[in-house]
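Below: one structure, written as structure tokens.
The values are calculated or read from the model by the stated rules, or taken from the named source; none is laboratory data. Computed from a prediction, not measured in an experiment: that's the story for all the values here. A quick note on method: Cβ atoms are made from the backbone with ideal geometry, for glycine too, and the neighbour counts reach across all protein chains shown. Quick note on the areas: whole protein, heavy atoms, side chains included, nothing else; ligands and nucleic acids left out. Shrake-Rupley method; radii C 1.70, N 1.55, O 1.52, S 1.80 Å.
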Amino acid sequence: MVEKEIVDSLRNLHDLTKTINSSLRIEDVMKVICNKTARLMKAEKVLLFVLDEKESTLTIHSKLGFMDSDLPIKQFHNIQSFDHCIVHKGTVITMDEVLAADQHQSLRQTMPFLFDMFFAPLEIQGEAYGLLGINGESHEFSPVELEIFCSLGSQAAIAMENANLYQKLHKTFLHTAEALAEAINSRDPYTGGHTRRVQNYALQMAESIGLNMEEKEALRLAAILHDIGKIGIDDAILRKVDRLTAEEKRKMNDHPLIGAKILGYVEEMKEVIPGVLHHHEWYDGSGYPDRLAGELIPLQARIIAIVDAFDAMTTDRPYRRASLAAEALDILDQNGSSHFDPELLTIFRTLQTYVK
Ligand SMILES: [Fe+2]
Ligand SMILES: [Fe+2]
């Protein structure tokens, strides 16, 4: 695969993902739906349930106007089907119709308000995804109110489906990026699965140091694509078992620059470049390509440097056997202050998965 093809596939996949709507975080959307419902239906309390048809459960997903303590039970079982549209029926749904009769009595004691609420199904083309509920005195809804309530239910269902589709698409994008990186790595004498492992270690680090969602995703992609620039390195150098000559080493050391250049063609990969470009910098400033030192090395790159070295040490190479995790950690520690960020290294050590 040539550089241009990689750029095109990454760009197309990313564009498609964006088209579906990259800002569609299900939690944010549901919050907007709850607020809109409260305003349009003049309700102070709104509940949004998600249906799991297979398990026949309804789970509270979002709430407005309720305290956590108001909702001691979050999931209900043995749900009766409610896939009718309220506009056709001219009516709204109540909990008595949805919950199995044997739950009514105890629920009337713990959450009596549920039975005074009215619900619209989250429905697209006859398929129910959940329920949107509002509080209210028992009254006849006017046809207009029914229409609004029903369309809010449908909007919530569409938003939910969009968010699910986006997540699936994003997963596909990651898998493709991963397959691409792994195909490039397979030219290298690495044991298979390097990309996946480096990604997993990086994500665990992200979790430990509390990166936010966006930072975590950028780190994940940078970890997946860190060696993508090896596409531009000759097999003769990449697969050479003997020591590289100075000239070969110089060419090999270009791979972070080539990787950054490839990703530079894809606007959406902007956040990923620092990790790819600087994953071979050393903490003491003796690395490449820019001889950055200390915290001037982007965080992504400092993390990738550690997890990349750890994985390289714990997998077999043609010229040596793999070290055990504990040995590898000790070797990393010995190089701690010169090569790696010592604080991040300490955190990596505490990730119990590796210290066996
Ligand atoms: Fe590398
Ligand atoms: Fe690597």
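In the assembled protein chains, Tyr283 presents an accessible area of approximately 50 Å² (probe radius 1.4 Å). Working note: Cα atoms of the stretch 113-171, range along each principal axis, descending, whole Å: 45, 24, 15. The angle between the Cα long axis of helix 194-209 and the longest principal axis of the Cα atoms of the chain comes to about 60 degrees, rounded to the nearest 10. These residues, Arg196, Arg220, go from largest to smallest accessible area, 1.4 Å probe, as Arg196, Arg220.
Given in Å, the Rg to one decimal and the Dmax to the nearest whole number for the Cα atoms of the chain are 26.9, 85. Sequentially through the stretch 148-163, phi angles give Karplus couplings (6.51, -1.76, 1.60; θ = phi - 60°) of 5, 4, 4, 6, 5, x, 5, 4, 4, 5, 5, 4, 5, 5, 4, 4 Hz, Gly and Pro residues having no value and appearing as x. With every protein chain in place and a 1.4 angstrom probe, the accessible-area ranking of Leu244, Leu211, largest first, reads Leu244, Leu211. Annotation for the stretch 26-47 versus the stretch 210-279: alpha-carbon center distance of 45 Å. Take every Cα pair under 8 Å in the stretch 201-356 that's 6+ residues apart, average their separations, divide by the length, and report that relative contact order as a whole percent. Relative contact order here is 20 percent. In this label model, Lys168 and Asp235 are separated by 3.9 nm, measuring between points 7 Å along each Cα→Cβ vector. Distance between the 7 Å Cα→Cβ label points at Ala179 and Lys270: 2.9 nm. Shape analysis of the stretch 135-225 based on the Cα gyration tensor places the equivalent ellipsoid semi-axes at 46, 16, 8 Å, largest first. For the chain, the longest principal axis of the Cα atoms and the long axis of helix 255-264 meet at an angle of about 40 degrees. Its relative contact order, with pairs defined as Cα atoms under 8 Å and 6+ residues apart, puts the chain at 13 percent.
Met313 sits with roughly 30 Å² accessible to a 1.4 Å probe, with DNA, RNA and ligands left out of the calculation. Taking the chain as the reference, fit the longest principal axis to its C-alpha atoms, fit the long axis of helix 101-110 to the helix C-alpha atoms, and give the angle between the two in degrees, 0 to 90, nearest 10. Tilt of helix 101-110: around 80 degrees. Per-residue ellipticity at 222 nm, computed for the chain from helices alone with -39500 (n - 2.57) per DSSP H run of at least four residues, works out to -16500 deg cm²/dmol.
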